[in-house]
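Novice: Pasting a structure here, questions to come.
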């Protein structure tokens, strides 16, 4: 899950990393009040979970509290890349002498955390990687040892940081390392880390991505989840422990196993159809889960047919068949359904579905071709 | 011959009294796997499935039973601890079925076991199957027959699909290995390809990959430079959108890399025949 800038910076601050004075506001009058308290120039920053906020007009500098209120009104009414702005961060404006990039992320190929730093801060690191890859300094850290002082100095020197800032930089890097570890982050990033004109190092912007698998260790973070960027069907699916991703096609898919679910989508496309979703009902799926999955698929008005591909292993074919029957009784779907059941208890499952008026298939290819025909109204 | 597991495998089940652990222990015993013991802390001294001794620790289990392989079914929050425990008790080959282990845990585990020279398969994998000899994991035994095809895969049920399609035309497998769908795991495609290349019982290989990471691209290079046996490939996720995790934590196209098209191109350039769908694999093996 992604954290907002203000949430990330609050965490950084707890770990000794200096951040600008400021607070988050949900209304323009709150923003005005914060600007009054801070005095001087303030930055009004939209809090949405996408990049490119500045270019979209979601970040503005205000010279006085009235201007802060006016900009906050504008920004709070905006949508950035389809996401509504619900909060703005009001920070004191910094005078910037230099911008640095500093981030720690998982390197899956190296099986180790990697620290990335660059003197070309303030722009997205992917952009720097494309245009000036030599400007990114990378260093892998053994996760059993953690970061050492010499490594911090190595990085400071690697990005040509003036020596007078090495100690402060080292403390910030070690703080960020502890944040990355304590929060099981997939990414902890300060961009930009600025050297101010009065020679302080301040984290002007922050970004954190938390490993969803670690949320059992961070219940307080789960409560902070912003679901604005997720489709309502995806949020509903999460409640039932289903992995669902909405797509643009018209054939709903219900499959057990992530790899098989992807392969089923691919074969639909190969057969001339378009999948409406990715859905993995997981191992050992119960009838209740299957019924929830069917409701979620049918909540999409584009869906013209449903393909069920169940390969029984831990998941039992008869259990899934019972779920399908329960869901049909409850939802009363009007679209044709193609079902393919193989593996554990598939025979029992097929017998249960014999009277359910479903189209059956033996092979995956046959199932996909029938689903495509059914979606076109050629097969009922 | 086969790779990693065979009829001499002496298996220990960590988490043997949980519902998943017990269910699959019974399945593995029924298949003929030698399950010599189980571990559930606090339940040592008891018995599972009537005649399998339960121990409080892996160390005690190894001392008593001479187990040489361990399989882990414990919940995600305790799974990393279980892997460390097995490695410290001297188990040389550990299979972890558990799904949902934090990546931070897995990075520490991987760096630790690499120092000890221990091999880990998984996590978030279906385990492995040497048809007719041993089943260590959750792959249904009845969908595979013994044969000369080595299979390595990142996906569970997709592997079953391939085994089933092969069986329909009378083709069997030497060993089938599920390496799992997590971004940081213990064993990758290349590790298994190397073993198949050296295994006299394996004549042909099927490699099943999916979107995310660069394992398949590296495997393609390995196949082109180091392998003599023919390889047939399949990559799932050709229709997957970028930036979305397709169920598996590792299956995500990010930063413009890890797409199915890139992987298929790399494999084809390495001389691998790539199937368009799983049921096409048997005909490409002929």
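The values are calculated or read from the model by the stated rules, or taken from the named source; none is laboratory data. Everything numeric here is computed off the predicted structure, so don't read it as measured data. Backbone-built Cβ (ideal geometry, glycine too); neighbour counts: all protein chains shown.
Novice: Are there any pairs with C-beta distances below 7 angstrom linking a residue in the range A:355-380 that is in a helix (DSSP H, G or I) to a residue that is surrounded by fewer than 17 Cβ atoms within 10 Å (Cβ to Cβ) and at pLDDT 95 or above, with the two at least 6 apart or on different chains, and if so which?
Specialist: Between residues of the range A:355-380 that are in a helix (DSSP H, G or I) and residues that are surrounded by fewer than 17 Cβ atoms within 10 Å (Cβ to Cβ) and at pLDDT 95 or above, the close pairs are A:372/A:272.
Novice: Something else now. Taking residue B:95 and the conditions (1) assigned to a strand (DSSP E or B); (2) surrounded by 21 or more Cβ atoms within 10 Å (Cβ to Cβ); (3) touching a helix residue (DSSP H, G or I) at 6+ places or on another chain (Cβ under 8 Å), which numbered condition does it fall short on, given that it satisfies the others?
Specialist: Here residue B:95 clears every test but (3).
Novice: Go through the range A:178-193 and give me each residue that's crowded, with 20+ Cβ neighbours inside 10 Å and either in a strand (DSSP E or B) or outside the structural domain of residue A:123 (by TED's automatic domain parsing) (or both).
Specialist: Answer for the range A:178-193, where residues must be crowded, with 20+ Cβ neighbours inside 10 Å and either in a strand (DSSP E or B) or outside the structural domain of residue A:123 (by TED's automatic domain parsing) (or both): A:185, A:186, A:188, A:189, A:190, A:191, A:192, A:193.
Novice: For the condition free of Cβ contacts under 8 Å to residues at least 40 places away in the same chain, under 23 Å from residue A:180 (Cβ atoms) and surrounded by fewer than 20 Cβ atoms within 10 Å (Cβ to Cβ), what is the one hit in A:126, A:79?
Specialist: One residue alone meets the criteria, A:126.
Novice: Let me ask you something else. Since residue A:278 meets every condition but one in (1) part of a helix (DSSP H, G or I); (2) touching a strand residue (DSSP E or B) at 6+ places or on another chain (Cβ under 6 Å); (3) facing another protein chain (nearest Cβ under 9 Å); (4) touching a residue at least 12 places away in the same chain (Cβ under 8 Å), which condition does it not meet?
Specialist: Unmet for residue A:278, out of (1) part of a helix (DSSP H, G or I); (2) touching a strand residue (DSSP E or B) at 6+ places or on another chain (Cβ under 6 Å); (3) facing another protein chain (nearest Cβ under 9 Å); (4) touching a residue at least 12 places away in the same chain (Cβ under 8 Å): (1).
Novice: In the range B:67-88, is there at least one residue being modelled with pLDDT of 95 or more, at the interface with chain A (Cβ under 8 Å from one of its Cβ atoms) and in a loop (DSSP other than H, G, I, E, B)?
Specialist: No, there is no match, as no residue in the range B:67-88 is modelled with pLDDT of 95 or more, at the interface with chain A (Cβ under 8 Å from one of its Cβ atoms) and in a loop (DSSP other than H, G, I, E, B).
Novice: Follow-up question, since we're still on this one. Quick one: which of A:157, A:121, A:175 is part of a loop (DSSP other than H, G, I, E, B) and more than 14 Å from every other protein chain (Cβ to nearest Cβ)?
Specialist: A:121
Novice: Separate question: Within the range A:252-275, can you find the residues that are closer than 19 Å to residue A:321 by Cβ, facing chain B (nearest Cβ under 7 Å) and not in a loop (DSSP other than H, G, I, E, B)?
Specialist: A:260, A:261
Novice: Now for a different question. Any residue at all in the range B:38-55 that's closer than 26 Å to residue B:248 by Cβ and modelled with pLDDT of 95 or more?
Specialist: no
Novice: Let me ask something additional. Only one of B:202, B:239, B:187 is more than 13 Å from the chain's Cα centre (by Cα), part of a loop (DSSP other than H, G, I, E, B), touching a residue at least 60 places away in the same chain (Cβ under 8 Å) and within 29 Å of residue A:344 (Cβ to Cβ). Can you tell me which?
Specialist: B:202
Novice: Select from the range B:139-148 the residues that are surrounded by fewer than 24 Cβ atoms within 10 Å (Cβ to Cβ) and either more than 13 Å from chain A (Cβ to nearest Cβ) or touching a helix residue (DSSP H, G or I) at 6+ places or on another chain (Cβ under 6 Å) (or both) and list them in ascending order.
Specialist: Answer for the range B:139-148, where residues must be surrounded by fewer than 24 Cβ atoms within 10 Å (Cβ to Cβ) and either more than 13 Å from chain A (Cβ to nearest Cβ) or touching a helix residue (DSSP H, G or I) at 6+ places or on another chain (Cβ under 6 Å) (or both): B:141, B:145, B:146, B:147, B:148.
Novice: Of the residues A:74, A:70, which is more than 30 Å from residue A:135 (Cβ to Cβ), in contact with a helix residue (DSSP H, G or I) (Cβ under 8 Å, 6 or more places away or on another chain) and outside any loop (DSSP other than H, G, I, E, B)?
Specialist: Answer to the selection: A:70.
Novice: Right, another one. Is it the case that the range B:220-232 has a residue that's surrounded by 18 or more Cβ atoms within 10 Å (Cβ to Cβ), in contact with a strand residue (DSSP E or B) (Cβ under 9 Å, 6 or more places away or on another chain) and within 14 Å of chain A (Cβ to nearest Cβ)?
Specialist: no
Novice: Moving on to the next point. Search the range B:102-130 for residues being in a loop (DSSP other than H, G, I, E, B) and closer than 23 Å to residue B:33 by Cβ, and hand back the single one that is nearest to the other protein chains (Cβ to nearest Cβ).
Specialist: Per the criteria, the residue is B:126.
Novice: Moving on to the next point. Taking the range A:314-339 as the region of interest, how many residues are crowded, with 20+ Cβ neighbours inside 10 Å and outside any helix (DSSP H, G or I)?
Specialist: The total comes to 7.
Novice: Another question, if that's okay. Scan the range A:140-148 and tell me whether some residue there is closer than 17 Å to residue A:104 by Cα, part of a helix (DSSP H, G or I) and touching a strand residue (DSSP E or B) at 6+ places or on another chain (Cβ under 9 Å).
Specialist: No; the residues of the range A:140-148 include none that is closer than 17 Å to residue A:104 by Cα, part of a helix (DSSP H, G or I) and touching a strand residue (DSSP E or B) at 6+ places or on another chain (Cβ under 9 Å).
Novice: Within the range B:199-214, which residues are away from chain A (no Cβ under 14 Å) and out of contact with any helix residue (DSSP H, G or I) (no Cβ under 6 Å at 6 or more places or on another chain)?
Specialist: Going residue by residue through the range B:199-214, those that are away from chain A (no Cβ under 14 Å) are B:199-205.
Those that are away from chain A (no Cβ under 14 Å) and out of contact with any helix residue (DSSP H, G or I) (no Cβ under 6 Å at 6 or more places or on another chain): B:199, B:200, B:201, B:203.
Novice: Assess whether residue A:165 counts as being free of Cβ contacts under 8 Å to residues at least 60 places away in the same chain, closer than 25 Å to residue A:22 by Cβ and over 31 Å from the mean Cα position of the chain (by Cα). Explain how you work it out, then say what you get.
Specialist: Working: free of Cβ contacts under 8 Å to residues at least 60 places away in the same chain: yes; closer than 25 Å to residue A:22 by Cβ: yes; over 31 Å from the mean Cα position of the chain (by Cα): yes.
Taking the combined requirement at face value, the residue satisfies it.
Novice: Still on this structure: Looking at the range B:242-280, which of its residues are more than 7 Å from chain A (Cβ to nearest Cβ), within 22 Å of residue B:165 (Cα to Cα) and assigned to a loop (DSSP other than H, G, I, E, B)?
Specialist: B:272, B:275, listed by residue number.
Novice: Okay, moving on. Taking the range A:226-251 on its own, how many of its residues are at pLDDT 90 or above, within 30 Å of residue A:7 (Cβ to Cβ) and more than 9 Å from chain B (Cβ to nearest Cβ)?
Specialist: So the count comes out to 2.
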